[in-house]
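Read the structure below first, then the notes.
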Amino acid sequence: MIKISPVKTISAFTALLIIGASQSAHACTPPKSDYKNVSCTAQQGIFIATKDNGSPVALLNSRGQKTLELFGYQAALPAQLRSGLLPVIKNGKVGYINQQGKTVINFQYDRMPTGSWARGVSDDRVITYANGRYVILGSNGRLIRTFDRSVSHISDYANGVATVTQNNQRYQIDKQGNRLSESTPSDPAISANQTAHALNTPTHPPESSVSIQAHISPSNASQGSKIAMSLIKKEQNGKWGFVDEHGNLRILYAFDEVKDYSEGMAAVRQGNYWGFIDEKADLVINFQFHKDGIHADSKVPPFPAQPLQFKNGKAWIGNLGNGFKMCIDQKGMSTNCSPALNPL
């Protein structure tokens with residue numbers, strides 16, 4: 001039951017909208033303030049003032065003082081305020097702000113298909129939804145994994161594990177989105193770490209970087225390449241993603257830098273490390289190539305001419321101490337950069 005002070009009124013509609021079915025884990029009595037509708041959040045000592053229709057007005061402290069104005073948002077979900085992040089809606093898209101009002105997770109996500117329209121942080125992870133796909137993010141906004149549209153539900157994390165429902169079957173995943181149970185033979189996902197080959201360049205990004213399972217099979221590579229070539233890189237609020245020829249967002253604005261697609265894959269950077277994604281935004285080659293490992297003026301050998309672009313199945317991803325280029329194939333394996341050694 002929601003406790004309120006005698007001078008506060010909360011309509012049944014407002015209480016249902018902003019509190020929902022979940023109950024706060026702490027005893028809560030909204031403070032006296034100049035606001036008409038004040039209710040609790042999931043975080044002790046933080047309260048929210050709303051209009052009669054439930055739209056957010058401000059965050060308040062335990063003394064009823066405004067700490068953050070929320071007039072710029074269409075909706076807020078105080079029942080999901082966890083680890084200092086509040087789900088809010090702006091221009092019809094879901095994003096997350098901290099208690100100082102800074103956008104931590106950009107406004108590019110859709111409402112959840114079931115339950116509350118957004119999830120709070122659980123085990124340093126946020127389950128989001130975009131373009132018909134479930135997406136796992138770190139609480140700092142980093143993209144962890146994008147799932148196939150056949151995934152119909154992902155639970156919140158508990159003790160480092162979440163449950164995925166896919167094609168009416170359930171399995172568990174770890175915090176990197178890796179399936180914990182043994183994959184079936186038909187499962188196309190393989191660990192990018194299993195295909196990564198040790199190179200003479202920094203190959204171990206920080207733990208906060210992404211680890212995703214994905215693979216492009218030969219049977220769909222040609223079709224995927226055609227789709228990928230129509231994708232156009234675009235920047236929004238300091239992050240990069242890809243749109244189609246009509247300007248529709250196809251790959252989330254989740255990267256610090258991106259390269260154009262080539263042969264069905266695009267190089268993308270998060271933090272200091274580059275990796276490669278396919279046209280579905282699955283990480284085909286793990287983030288492992290340090291941004292400072294490429295000497296852009298290197299001309300030995302002359303092929304490939306452009307770094308981080310696939311040509312004839314090879315990409316230049318770094319340089320040796322003597323300046324010679326290092327290359328990988330489309331499986332992330334080290335290979336000679338010479339095109340003559342890998343004819344089409």
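The values are calculated or read from the model by the stated rules, or taken from the named source; none is laboratory data. Every value quoted in this text rests on a predicted model; they were computed, and no experiment measured them. Backbone-built Cβ (ideal geometry, glycine too); neighbour counts: all protein chains shown.
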*Enumerate the pairs (first residue in region 144-156 and at pLDDT below 85; second residue anywhere and among the hydroxyl-bearing types (Ser, Thr, Tyr) and surrounded by fewer than 21 Cβ atoms within 10 Å (Cβ to Cβ)) with beta-carbon separation below 8 Å, excluding pairs fewer than 6 apart on the same chain, so at least 6 apart or on different chains.*
none
*Just give me the residues in region 111-159 being under 17 Å from Lys280 (Cβ atoms), small (Gly, Ala, Ser) and surrounded by 15 or more Cβ atoms within 10 Å (Cβ to Cβ), in sequence order.*
Ala130
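Taking region 299-317 as the search range and keeping residues that are surrounded by fewer than 18 Cβ atoms within 10 Å (Cβ to Cβ) and touching a residue at least 12 places away in the same chain (Cβ under 8 Å), which one is nearest to Gly332 (Cα to Cα)?
Of all residues in region 299-317, those surrounded by fewer than 18 Cβ atoms within 10 Å (Cβ to Cβ) come to 299-303, 305-306, 311-313.
Checking which are touching a residue at least 12 places away in the same chain (Cβ under 8 Å) leaves us with 300-301, 303, 311-313.
Details: Val300: 21, Pro301: 19, Phe303: 18, Lys311: 14, Asn312: 14, Gly313: 10 Å.
Within region 299-317, the match that is nearest to Gly332 (Cα to Cα) is Gly313.
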*region 318-344, subset of a type in the set (Gly, Ala, Ser) and surrounded by fewer than 21 Cβ atoms within 10 Å (Cβ to Cβ), residue nearest to the chain's Cα centre (by Cα)*: Ser334
*For region 25-35, does any single residue satisfy the condition of being crowded, with 19+ Cβ neighbours inside 10 Å, in a strand (DSSP E or B) and touching a strand residue (DSSP E or B) at 6+ places or on another chain (Cβ under 8 Å)?*
no
_Just to be sure before I move on: is Val104 more than 30 Å from Asn248 (Cβ to Cβ) and either not in a loop (DSSP other than H, G, I, E, B) or not assigned by TED's automatic domain parsing to the domain that holds Asn237 (or both) in the structure I sent?_
no
*asked:* Is it the case, given these coordinates, that Lys36 is at pLDDT 50 or above and either closer than 23 Å to Lys93 by Cβ or more than 34 Å from the chain's Cα centre (by Cα) (or both)?
replied: yes
_Cβ pairs under 6 Å, 6+ apart, first in region 51-77 and outside any strand (DSSP E or B), second charged (D, E, K, R)_ = Gly64/Lys32; Tyr73/Lys90
